[in-house]
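The structure under discussion is supplied below as structure tokens; questions concerning it will follow.
Quick note: the coordinates plus some simple rules give every number you see, no bench work behind them. This one's a predicted model, so the numbers in the text were calculated from it and none came from an experiment. All Cβ positions, even for glycine, are placed from backbone atoms using ideal geometry, and neighbour counts span all protein chains on display.
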Amino acid sequence: MAYYSTKTYGHNIGLSACFRQPNAEHSHCSLLHGYSLQFKFTFAADELDNKNWVVDFGGLKPLKAWLEDNFDHKVVLTNSDPFMDTFKDLEEKGLAELTILDGVGVEKFAYHAWKFANELVKEKTNGRCSCVEVECAEHGANSAIYKA
């Protein structure tokens with residue numbers, strides 16, 4: 001690819017998400033804990049559009065909405081969490097809003113966000129542009145990157 005552009009979300013006010021890693025049995029990460037998540041997307045294209053852009057950032061409103069719907073003020077759980085029934089009970093009682101994904105942690109969050117973003121920009125650009133990388137940060141010192 002010859003051209004790249006980036007878009008970030010959550011850099012001023014992050015997406016407040018709560019999650020746990022049930023497989024981290026001997027770590028505090030197995031407990032519910034929260035972070036203000038940030039996402040950085042890298043888009044690529046061999047050719048620019050008629051405005052000389054890789055991607056029209058104005059067309060990324062569905063991406064921002066997806067991030068907010070899945071991470072902002074949500075309890076994000078892996079679909080294999082052994083306490084899923086307990087969490088669903090909390091949601092039914094109006095005490096939590098759940099997002100259930102195939103895997104949790106910033107590495108998996110970066111992948112899930114990449115998958116959505118890549119499908120979105122490919123559709124909006126008729127395949128001219130793709131998402132080649134997503135970085136998800138849980139705070140200033142920790143982040144993970146998914147590269148296509």
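For a footprinting-style exposure proxy, rank Arg20, Arg128 by other Cβ within 10 Å, fewest first.
Listing Arg20, Arg128 from fewest to most nearby Cβ atoms yields Arg128, Arg20.
Hey, another quick one. Using the Karplus curve 6.51 cos²θ - 1.76 cosθ + 1.60 with θ = phi - 60°, what ³J(HN,Hα) values do you get for each residue of the range 127-144, in whole Hz, with x for Gly and Pro?
Once θ is set to phi - 60°, the couplings for the range 127-144 become x, 6, 10, 9, 8, 9, 7, 9, 10, 10, 10, 8, 6, x, 9, 10, 8, 9 Hz.
Could you work out [θ]222 nm for the chain from helices alone, using -39500 (n - 2.57) per DSSP H run of at least four and dividing by all its residues? Round to the nearest 500 deg cm²/dmol.
Result for the chain, helices only: -8500 deg cm²/dmol.
Next question, about the same structure. Just how large is the dipole of the chain about the Cα centre, in debye to the nearest 20, putting +1 at every Lys and Arg Cβ and -1 at every Asp and Glu Cβ?
400
Would you mind counting up the charge near Cys129? Only other residues with Cβ under 14 Å from its Cβ, with Lys and Arg at +1 and Asp and Glu at -1.
Around Cys129, the surrounding residues sum to -2.
Ok, one more. Which FRET efficiency value, to the nearest 0.05, is calculated for Ser5 and Thr99 with the Förster distance at 30 angstrom and r the Cβ-Cβ distance?
E between Ser5 and Thr99, to the nearest 0.05, is 0.65.
Under 5 Å between amide H atoms, partner at least 5 residues away or on a different chain: which partners does Ala96 have, H built in plane at 1.01 Å?
Excluding prolines and chain starts, which carry no amide H, the hits are Glu91.
Shifting gears a bit: Using 7 Å Cα-to-Cβ label points, what is the Ala144/Glu123 separation (nm, one decimal)?
Here the modelled spin labels are 2.6 nm apart.
Moving on to the next point. Return one number: the angle in degrees, 0 to 90 and rounded to the nearest 10, between the long axis of the Cα atoms of helix 106-124 and the longest principal axis of the Cα atoms of the chain.
So the inclination is approximately 40 degrees.
Still on this structure, please answer the following. Can you give me the angle between helix 61-71 and the longest principal axis of the chain, using Cα atoms only, in degrees from 0 to 90, rounded to the nearest 10?
Between the helix axis and the principal axis of the chain, the angle is about 20 degrees.
Same structure, new question: Subtracting the Cα-Cα distance from 0.36 nm times the residue separation, let me have the gained length for Cys18 to Asp85 in nm, one decimal.
Using 0.36 nm per residue and subtracting the Cα-Cα distance, I get 22.4 nm.
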